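Every read-out reported here was derived from the displayed coordinates using simple, explicitly stated rules and does not represent laboratory data. What you see is a predicted model; the values in this text were computed from it and never measured. Cβ coordinates were reconstructed from backbone atoms using ideal geometry, including for glycine residues, and neighbour counts include every protein chain displayed.
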């Protein structure tokens with residue numbers, strides 16, 4: 001099964017990458033953008049999706065500073 | 001006294017760490033794919049970019065075969081020093097509390113820093129003088145020490161905050177200016193600055209030697 005794990009910095013954790021992007025936007029003429037947060041997306045093919053929670057908590061994200069969200073992708077939609 | 005310095009793909013300070021350790025004892029390199037720690041008395045997890053820092057700094061190195069042995073070694077009371085990327089690896093492995101996040105200044109920064117020795121009664125700082133400040137270089141992109149408030153309070157209460165940056169030099173934004181922490185048992189210590197780069201007067205400072213000398217004193221005391 002195809003799945004997607006979204007990893008993002010926890011609320012309140014400083015995100016220097018997001019800040020840098022936010023500061024770059026006005027230079028390109030895009031105003032009114034704030035609260036930019038940058039995380040990462042992992043897509044994978046997995047036989048047993050029940051393992052995703054453990055995989056995400058142990059490796060894909062560091063639960064101390066990151067939240068993660070698991071999405072199972074509907075094969076029919078691909 | 002025999003030090004073992006780990007070498008991962010992407011390590012870059014292991015030879016300097018070996019050189020520094022060899023000033024106070026014997027020092028061998030330990031390959032990341034080996035489980036045999038070769039009867040070393042202390043392990044050094046060096047700086048660099050193990051496994052390319054893929055995913056997060058230290059996240060992959062933590063699962064290497066040698067780290068299984070290091071975790072066992074540490075739980076048996078063995079001395080483990082993590083420097084820079086090594087500190088990140090030890091945090092990812094759960095041997096040290098907290099995490100190292102991207103620098104608040106958004107830059108990879110290289111500068112000499114002045115460190116306050118907060119705790120002198122440790123296996124890693126016993127050879128520091130009272131009130132001594134260590135002048136040691138720091139060079140990293142992700143060195144912002146983070147732990148939640150309750151953990152930080154506990155670390156301070158237990159004497160686990162070993163080194164602090166001068167507040168004016170805390171370029172990475174580490175919480176409470178923390179530069180180095182040890183575990184509760186006191187046998188595992190990590191710091192972002194590089195003591196192994198401050199062991200020769202030719203390069204400006206020999207303050208880094210205090211760390212290696214302290215480890216030797218701890219080991220020799222333990223076996224004396």
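A few remarks follow.
- Per residue, the convex hull around the alpha carbon atoms of the range A:1-63 comes to 102 Å³.
- Set of the range B:181-224 residues, backbone N closer than 18 Å to the point 7 Å along the Cα-Cβ line of residue B:105: B:192-195
- Geometric descriptor of the protein assembly as shown, per residue, is 155 Å³ (volume of the convex hull of the Cα atoms).
- Geometric extent, Cα atoms of the range B:109-224 - Rg, Dmax (angstrom): 13.8, 43
- Sequence of B:12, B:91 once ranked by neighbouring C-beta atoms within 10 Å, starting from the fewest: B:12, B:91
- Normalised by the number of residues in the range B:1-67, the mean separation of alpha-carbon contacts (under 8 Å, six or more apart) gives a relative contact order of 42 percent.
- Only DSSP H runs of four or more residues enter the estimate; each adds -39500 (n - 2.57), and after division by the residues of chain B the mean residue ellipticity at 222 nm equals -7000 deg cm²/dmol.
- Relative contact order of chain B: 21 percent, from C-alpha pairs under 8 Å at least 6 residues apart in sequence.
- Each Cα pair under 8 Å and six or more residues apart adds its separation to the average, and for chain A the resulting relative contact order is 53 percent.
- Alpha-carbon gyration tensor eigenvalues x 5, square-rooted, for chain B, Å: 22, 20, 18
- A Stokes-Einstein calculation at 20 °C with viscosity 1.002 mPa s, built on the Kirkwood radius of the range B:91-158 over Cα pairs, returns a diffusion coefficient of 153 µm²/s.
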